[in-house]
Amino acid sequence: MIKKHPKRVLLKLSGEALQGSKEYGIDVKLLEKLSEKIVYLSRYKGVQIVIVIGGGNIFRGVSGAASGIDRSQADYMGMLATVMNGIALGDAIEKQGNSVRIMSALEIPKVAETFIRRRALKHLEKGRVVLTVSGTGNPYFTTDSAAVLRALELNCDFMIKGTKVDGIYDKDPFVDSTAKKYENIGIDEALDKGLQIMDQSAIALAKDEKLPIFVCKLMDIEKILSKSIKGTYVDVT
Ligand code: UDP
């Protein structure tokens, strides 16, 4: 199971999660609520928080490439979308009174510090939320891979994937009311069943390095310290 008193956790937020019920972009009210939860964990519970934020609510490289943009260029556009989300979330966290540092894999010094591992570790030790943007900084990757990478290099106890539903189901619970939720699932079983946890390269790295993953509802993240948390633990051993 996930560690009861984690020192440091990585929170992967997809762009879609920030979209709420909107068709596109960012739901500012949702962002406010989400930041309260992040600040609760960081400031009041002393958990060091690393966030990796996606950009799918604004732009995805694959869709850009499908409409004729060069794939690498489209992926850079996707990475820039994560920067926009990061600025919005960073602002919301700061408004709740918690110090935050936006760190980018792509160099954009006017809006974010460049991601440097040792610097990120120092920020975390000082109680600052580290919000990483622009994924890995490389095209052909996703922010899921960036999340696993940052969780490993920043020695996080585990990674939380915040989604719209409270865990991993055998079918889409929004479409099929008979969908069954898994409390625990082995990574190989999830792969065999074609369950969408993360993309293949992210899963391969998590599996190789045995990074524990917990999937839960985005709006439940502050409960990760309590027994009442509902979600699915992905066994990567
Ligand atoms: N992206 C990339 N390299 C990375 C991370 C992201 O090229 O290391 C691009 C890619 O085009 C992707 C987009 O950024 O579609 C947005 O990221 P992602 O799809 O992972 O966002 P999410 O699904 O989490 O909202």
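May I ask you to list the residues in the stretch 85-130 that are among the hydrophobic types (A, V, I, L, M, F, W, C) and closer than 24 Å to VAL62 by Cβ?
ILE87, ALA88, LEU89, ALA105, LEU106, ILE108, PHE115
Could you check the stretch 143-226 for helices (runs of 4 or more DSSP H) lying wholly inside it with 1 or more residues that are open to solvent by 70 Å² or more (accessible area, probe 1.4 Å) and within 16 Å of the ligand (Cβ to nearest atom)?
200-209
Is it the case, given these coordinates, that ILE58 is touching a Phe, Trp or Tyr at 6+ places or on another chain (Cβ under 9 Å), open to solvent by less than 90 Å² (accessible area, probe 1.4 Å), in a loop (DSSP other than H, G, I, E, B) and more than 19 Å from ASP220 (Cβ to Cβ)?
Taking the combined requirement at face value, the residue satisfies it.
Taking VAL47 as meeting all but one of (1) away from the ligand (no atom under 16 Å from the Cβ); (2) farther than 21 Å from VAL9 by Cα, write down the number of the exception.
Status for VAL47: all satisfied but (2).
Give ILE93, ILE116 a once-over and let me know the one that is open to solvent by 40 Å² or more (accessible area, probe 1.4 Å) and over 26 Å from GLY64 (Cβ atoms).
Only one candidate passes the filter, namely ILE116.
How many residues are open to solvent by less than 30 Å² (accessible area, probe 1.4 Å), within 23 Å of LEU152 (Cα to Cα) and part of a loop (DSSP other than H, G, I, E, B) if we restrict to the stretch 1-55?
Of the residues in that region, 5 qualify.
Filter the stretch 121-142 for residues that are open to solvent by less than 50 Å² (accessible area, probe 1.4 Å), within 16 Å of the ligand (Cβ to nearest atom) and in contact (Cβ under 8 Å) with a residue 60 or more places away in the chain and give the result.
Passing the criteria: LEU131, THR132, VAL133, GLY135, PRO139.
Taking the stretch 1-12, which residues are at pLDDT below 95 and hydrophobic (A, V, I, L, M, F, W, C)?
Residues satisfying the conditions are MET1, ILE2.
The values are calculated or read from the model by the stated rules, or taken from the named source; none is laboratory data. This structure is a prediction, so every number in the text was calculated from the model and none was measured. Cβ: placed from backbone, ideal geometry, glycine included. Neighbour counts: every protein chain shown. Accessible surface areas use protein heavy atoms only, side chains included; no ligands, DNA or RNA. Shrake-Rupley method; radii C 1.70, N 1.55, O 1.52, S 1.80 Å.
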